[in-house]
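Comments concern the structure below.
The values are calculated or read from the model by the stated rules, or taken from the named source; none is laboratory data. All values derive from a computational prediction rather than experimental measurement. Ideal geometry is used to build each Cβ from the backbone, glycine not excepted, and the neighbour counts take in all protein chains shown. Only protein heavy atoms, including side chains, enter the accessible area calculation; ligands, DNA and RNA are left aside. Shrake-Rupley method; radii C 1.70, N 1.55, O 1.52, S 1.80 Å.
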Amino acid sequence: MADISIKHLVKRFGKVEAVSDVSLQIADGEFLVLLGPSGCGKSTILRVVAGLEDADAGEIVIGGRLINFIDPVRRNVAMVFQNYALYPHMSVYKNIAFPLQIAKQSKEEVGLAVGRAAAMLGLENLLQRLPGELSGGQRQRVALARAIVRAPQAFLMDEPLSNLDAQLRIQTRLELIQLHQRLGITTIYVTHDQIEAMTMGDRIAVLSEGVLQQIGTPQEVYRRPANVFVATFLGAPPMNLIGGELEWVEFGWRFRGDNIDVPLSADVTSPPEDGNPADMRQVKLGLRPEHLRIGPPGETGGIAGQVQFLEPVGSDLFLTVEAAGTLLQVRTDPDSPLQPGENVSLLFDPWRAQVFGPDGQNLRRDTAPVESAAALAPAAAS
Amino acid sequence: MMSTVSAEKAWDELTLSEAEYRRAGARYRQRRSLRAYLFLLPYFIPFIAFLLVPALWSIWLSFNRGGILDPAKYVGLENWRSIASDTELTGAIQNTAVYAVEAILLVFTLAIVLALLLNRYRKGSNIFKLALYVPLLAPAVLVGLIWQFLTNFDFGFINLALDAMGFDRLNILGSGRLALLTIVLAEVWRGLGFWTLYFLASLQNVPEELLDAARVDGARGVQRFRRVTIPLLRPMLLFAVVIAIIANFQVFDTVYVLTQGGPYESTSTMVWFIWKRLFQFQETGQGYAAAVVLLAIILALTAISFRVLGARRKRRA
Amino acid sequence: MAVQAGGVAESDVLSQHAQEYASAARRHRAFGITKGLAAYATLSIFALIAIVPFLYLLSPSFRKSYELFSYPPKWIPSSLYTGNFGTILHQTSYPRWALNTLIFATSVTVITLIIDTLAGYAFARLRFPGRGVLFGLVLGTLMIPTAVLIAPLYIMISRLPGWTHSGINTYPGMILPMVCSPLGVFMMRQFISTLPEALVEAARLDGGSEWLIFRKIVLPLMKPAIVVLGIFTFMAQWVNFLWPLIITTTNDMKTLTVGVSSLQGQFVTNWGVISAAAVMTMAPVIVIFLMFQRWFVQASMAGALKQ
């Protein structure tokens, strides 16, 4: 077991920079999720850590050992692949035993270790089967067993659940969480699925186009997105964004825009020192659909709007409301009697609102992407 | 307090200097490359010794004479001067070209027709595929033998058939044009199975959906073949043409067995010419130069095939 | 009323349409069957053309030579004469040629398989500088005709300076120059590229050296490709003529192709003996072919060069 530091990692494929100066510190025993859309460089980071790709710059340190120039064989990390990568011509037993046999362990040792790993994942009855005879979920377990059997310093998981059907994915997700709690091995987990990220990660690192956007606990990343990308990537439907300007009016911020004039709490950004700075002219107000409440039309402090569409999804009702010159998504009670065409006003708690500057960054002080990584790492470890 | 914080290294500070990093990286990659080269070594030793070196050597040899029985001697351009005016070589080139054009056109036409039929009528097609394949198993010697039998003046099938129909028997291998045609037919007979299976495999690579889409769009059979199948098969066709040119410009075995280049060199091909100069006449210099001519012709024809068949692919893309 | 009248007229039209449709369908079917018959007839003719000449060899091999010239020709021999086969076995070196061919073709095949799979693995799955250039070089040599190589190869094998023995009429001299087929490397690389890369990567992380990964993971999965390349290489050497013709000068070192062709000089017009040799040569190959037909057909598809 070990902590992992990724320092200023750069990886290029030809002229394309797949990973640009990414630094991450992962505490011993932590479960870190790399989250981002496809092509954001998350898998590349994992493959560089594993030694399947070379870094162009930057260092990878596992347990205090610089591993950039060590063969994958001797990095002592185990990887679980998206397609499981089971050796098709070997039985389940041989698949799990393979890393130990290479390490020249005695037959008894191998037998014991495989037995333990198989028991942990409920594979005892499948040991003589070939991978081709197993279901997707079973294959995934074999891949996990093969990874844990060597007691590696770290697990690297590359979208391990994406080939499973929805129900199995939820079940395996829980099992993975339990497995991690039991073994306590440092894990880097790559996914594009935000639900997986939110439910499994001690912390989430959000990436886009090779750049680290934000790192923090799931709550931090969700509640205080560092920028517009994180705000819209997380959450379904995503955070509503309304263009307008921010103005300091008598000890408080007000947000003004097309058909909208609402007070915000004082801490959306630090108060101006003299006058209203120009960069407050073009900001975006971010409001999550579940933070908007429906009130009767004309309510003070509300945003006037008209209901356009209803989308009942069973547990919730999603409304599309035309307001503030744009379309806003609102999550509300499925039993709501609202009809399309109805006029309403939208209310929200000012302290929940986020404001993003012209560069897309959250104007709040405490959400800068990298500084918080260093500050939070020890906290996550304890 | 402030001073202790700044004395401690930041967690993301790099430990290696740029130079150290570069050196360690180079060493690491070197070790990895070395392992890869070890995998390549067993192949590249014979590859260099028996393919690359001889290929380059053959060009050097074209300025030499001797070599087969005695050490080679440099003679400058003499070989090239001597073959430039050698009508036997020009004859051999001509024969080879006539042979190759006839053989490739005939075998491709027949193979494409048979492949289309096998692709359309799949029931029981396996037996036809197997039958067509059998001639491929025969070494050229046997192919030659079989065609000697078929064309024999006294008991050959062709002459017996002519006789039965009331025509005069023909001395087939004794007449220049017919002898070359016999070589064409013998090679077509031998290669037909291969090319049929090749085109059949190519046809089966054409996605069914595309043809269905074309059918829905109202394209008739011939149109579908011309507008959908042929363009999709272009890369396969290019490969086939290149391979067929390389193979057919080297025709030798059948000539050796059937006609020995005769009558009067009318079936002498390039490889036959080269072989005879090298190993029969001891005119090695001419053989060396002719071999380089053959190499140049094949390279030129390959380049032309790529131009003609490859260019449209680019335009379309 | 109008609606009803319209309905009657419409149903008349409909039944008329149905009849037309039925007759059109009949015509279509009949046309289809005719087309099908023509197709199968064409295929049958070409299948016969491919097969019958071999049978044409069978008949003289069981007859005395002079019987061939009887007129009208007799295709079924009156009695089975096996003397031709005896002549081949006892008065020629046929068994020795067969052995030579077996040694020659098998050795080339085994060596080719070993070096081509190794190189194919390196080209498909290992990283090293010059990968593209080297692979391009290998593919480029596809275009070099054998005829260009024979003279330098002959000189090399016969007396390279410093060699104490000539390689002419030796097995190594015959075998080694034939082992590097560019096509084999290409085939192996293509095949290994189709195996999931994650398998090799997983094995790399599981602690395998490249050699171990190659042996334990890649090689067992390559069985189909190895069989195909094996058959392809063996067949190419089995029919190889030019090289054995040049590199063997003694009767005892000839391969079947060269040996059988030399019979034509020895038994000038003794067609019975010559066709007996041909039958003996073809029969085992056809049996093997019928046993492994699936692989043969794949071999001809995977590769493409005749030589």
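Going through the range C:255-277 one residue at a time, which ones are of a type outside the set (A, V, I, L, M, F, W, C), within 22 Å of B:V251 (Cβ to Cβ) and either open to solvent by 10 Å² or more (accessible area, probe 1.4 Å) or in contact with a Pro (Cβ under 7 Å, 6 or more places away or on another chain) (or both)? Those that are of a type outside the set (A, V, I, L, M, F, W, C), within 22 Å of B:V251 (Cβ to Cβ) and either open to solvent by 10 Å² or more (accessible area, probe 1.4 Å) or in contact with a Pro (Cβ under 7 Å, 6 or more places away or on another chain) (or both): C:T255, C:T257, C:S261, C:S262, C:Q264, C:G265. Residue pairs whose Cβ atoms lie under 6 Å apart, sitting 6 or more positions apart in sequence or on different chains, and linking a residue in the range A:67-78 that is within 12 Å of chain B (Cβ to nearest Cβ) to a partner that is among the charged types (D, E, K, R), are A:I67/A:R75; A:N68/A:E59; A:P72/C:R204. For C:C180, the criteria (1) touching a Lys or Arg at 6+ places or on another chain (Cβ under 9 Å); (2) not in a helix (DSSP H, G or I) hold in every case but one, which is (1).
Of all residues in the range A:281-310, those that are open to solvent by 70 Å² or more (accessible area, probe 1.4 Å) have Cβ atoms under 6 Å from Cβ atoms of residues that are in a loop (DSSP other than H, G, I, E, B), 6 or more apart or on another chain, in A:Q282/A:P358. Once the range A:71-90 is narrowed to residues that are open to solvent by 20 Å² or more (accessible area, probe 1.4 Å) and in contact with a strand residue (DSSP E or B) (Cβ under 9 Å, 6 or more places away or on another chain), the residue that is farthest from C:T194 (Cα to Cα) is A:N76.
Looking across the range A:309-335, the residues that are part of a strand (DSSP E or B) and under 22 Å from A:G244 (Cα atoms) come down to A:T320, A:V321, A:E322, A:A323, A:T326, A:L327, A:L328, A:Q329, A:V330.
Considering (1) free of Cβ contacts under 8 Å to residues at least 12 places away in the same chain; (2) part of a helix (DSSP H, G or I), the lone condition that B:P71 does not fulfil carries the number (2).
Hey, can you tell me all the residues within the range B:279-291 that are open to solvent by less than 20 Å² (accessible area, probe 1.4 Å), touching a residue at least 40 places away in the same chain (Cβ under 8 Å) and out of contact with any Asp or Glu (no Cβ under 8 Å at 6 or more places or on another chain)? Once the filter is applied, which keeps residues that are open to solvent by less than 20 Å² (accessible area, probe 1.4 Å), touching a residue at least 40 places away in the same chain (Cβ under 8 Å) and out of contact with any Asp or Glu (no Cβ under 8 Å at 6 or more places or on another chain), the range B:279-291 yields B:T284, B:Y288, B:A289, B:A290, B:A291. I need the full set of residues from the range C:135-145 which are open to solvent by less than 10 Å² (accessible area, probe 1.4 Å) and either more than 22 Å from B:M270 (Cβ to Cβ) or more than 7 Å from every other protein chain (Cβ to nearest Cβ) (or both), in order please. Of everything in the range C:135-145, just one residue is open to solvent by less than 10 Å² (accessible area, probe 1.4 Å) and either more than 22 Å from B:M270 (Cβ to Cβ) or more than 7 Å from every other protein chain (Cβ to nearest Cβ) (or both), namely C:V138. Picking from residues in the range A:168-219 that are at pLDDT below 95 and of a type in the set (K, R), the one that is least open to solvent (accessible area, probe 1.4 Å) is A:R173. The set of residues in the range B:54-69 being more than 7 Å from chain C (Cβ to nearest Cβ) and either of a type in the set (F, W, Y) or open to solvent by 30 Å² or more (accessible area, probe 1.4 Å) (or both) consists of B:L56, B:I59, B:W60, B:F63, B:R65, B:L69. Of all residues in the range C:96-117, which are surrounded by fewer than 20 Cβ atoms within 10 Å (Cβ to Cβ) and hydrophobic (A, V, I, L, M, F, W, C)? Scanning the range C:96-117 gives C:A98, C:L99, C:L102, C:I103, C:V110, C:I111, C:I114. Residues in the range B:119-151 that are crowded, with 20+ Cβ neighbours inside 10 Å, more than 8 Å from chain C (Cβ to nearest Cβ) and in a loop (DSSP other than H, G, I, E, B): 0 in all. Among the residues that make up the range A:125-139, is at least one of them out of contact with any Phe, Trp or Tyr (no Cβ under 6 Å at 6 or more places or on another chain), open to solvent by 30 Å² or more (accessible area, probe 1.4 Å), farther than 30 Å from A:P237 by Cα and within 14 Å of another protein chain (Cβ to nearest Cβ)? The answer is yes, given that some residue of the range A:125-139 is out of contact with any Phe, Trp or Tyr (no Cβ under 6 Å at 6 or more places or on another chain), open to solvent by 30 Å² or more (accessible area, probe 1.4 Å), farther than 30 Å from A:P237 by Cα and within 14 Å of another protein chain (Cβ to nearest Cβ).
Once the range B:20-51 is narrowed to residues that are facing chain C (nearest Cβ under 7 Å) and within 20 Å of C:I246 (Cα to Cα), the residue that is surrounded by the most Cβ atoms within 10 Å (Cβ to Cβ) is B:L51. Restricting C:V148, C:V218, C:V179 to residues that are more than 30 Å from B:Q250 (Cβ to Cβ), buried (at least 21 other Cβ atoms within 10 Å of the Cβ) and within 14 Å of chain B (Cβ to nearest Cβ) narrows the list to C:V218.
Out of the range C:82-126, which residues are part of a helix (DSSP H, G or I), touching a residue at least 24 places away in the same chain (Cβ under 8 Å) and of a type in the set (S, T, N, Q)? C:N84, C:T87, C:N100, C:T101, C:T106, C:S107, C:T109, C:T112, C:T117, listed by residue number. Checking B:T229, B:T267 one by one, the residue that is outside any helix (DSSP H, G or I) and among the hydroxyl-bearing types (S, T, Y) is B:T267 and no other.
If I ask for residues that are open to solvent by 40 Å² or more (accessible area, probe 1.4 Å), closer than 17 Å to B:A55 by Cβ and not small (G, A, S), which ones from the range B:298-309 would you list? Within the range B:298-309, B:L299 is the sole residue that qualifies. Taken as a whole, the range A:19-30 holds at least one residue that is touching a Gly at 6+ places or on another chain (Cβ under 7 Å) and either over 29 Å from A:Q178 (Cβ atoms) or in a helix (DSSP H, G or I) (or both). Taking the residues in the range B:189-226 that are basic (K, R) and exposed (fewer than 13 other Cβ atoms within 10 Å of the Cβ) as candidates, determine which candidate is modelled with the highest pLDDT. That would be B:R226.
Looking only at the range B:32-50, decide whether some residue is closer than 24 Å to B:F249 by Cβ and in contact with a helix residue (DSSP H, G or I) (Cβ under 6 Å, 6 or more places away or on another chain). For the range B:32-50, residues closer than 24 Å to B:F249 by Cβ and in contact with a helix residue (DSSP H, G or I) (Cβ under 6 Å, 6 or more places away or on another chain): present. Is there a residue being open to solvent by 60 Å² or more (accessible area, probe 1.4 Å) and either within 14 Å of another protein chain (Cβ to nearest Cβ) or within 26 Å of C:Y154 (Cα to Cα) (or both) anywhere in the range B:90-101? Checked the range B:90-101: at least one residue is open to solvent by 60 Å² or more (accessible area, probe 1.4 Å) and either within 14 Å of another protein chain (Cβ to nearest Cβ) or within 26 Å of C:Y154 (Cα to Cα) (or both). Note on the range C:254-307: enclosed helices (runs of 4 or more DSSP H) holding 3 or more residues that are touching a helix residue (DSSP H, G or I) at 6+ places or on another chain (Cβ under 9 Å) and at pLDDT 80 or above are C:256-266, C:271-291. The numbered conditions (1) within 9 Å of chain A (Cβ to nearest Cβ); (2) touching an Asp or Glu at 6+ places or on another chain (Cβ under 9 Å) are all true for C:P196 except (2).
The set of residues from the range C:199-215 being open to solvent by less than 20 Å² (accessible area, probe 1.4 Å) and outside any loop (DSSP other than H, G, I, E, B) comprises C:L199, C:V200, C:E201, C:A202, C:A203, C:L205, C:I213, C:F214.
In the set C:I155, C:I168, C:I192, only one residue is open to solvent by less than 30 Å² (accessible area, probe 1.4 Å), touching a residue at least 24 places away in the same chain (Cβ under 8 Å), part of a helix (DSSP H, G or I) and out of contact with any strand residue (DSSP E or B) (no Cβ under 7 Å at 6 or more places or on another chain); that residue is C:I192.
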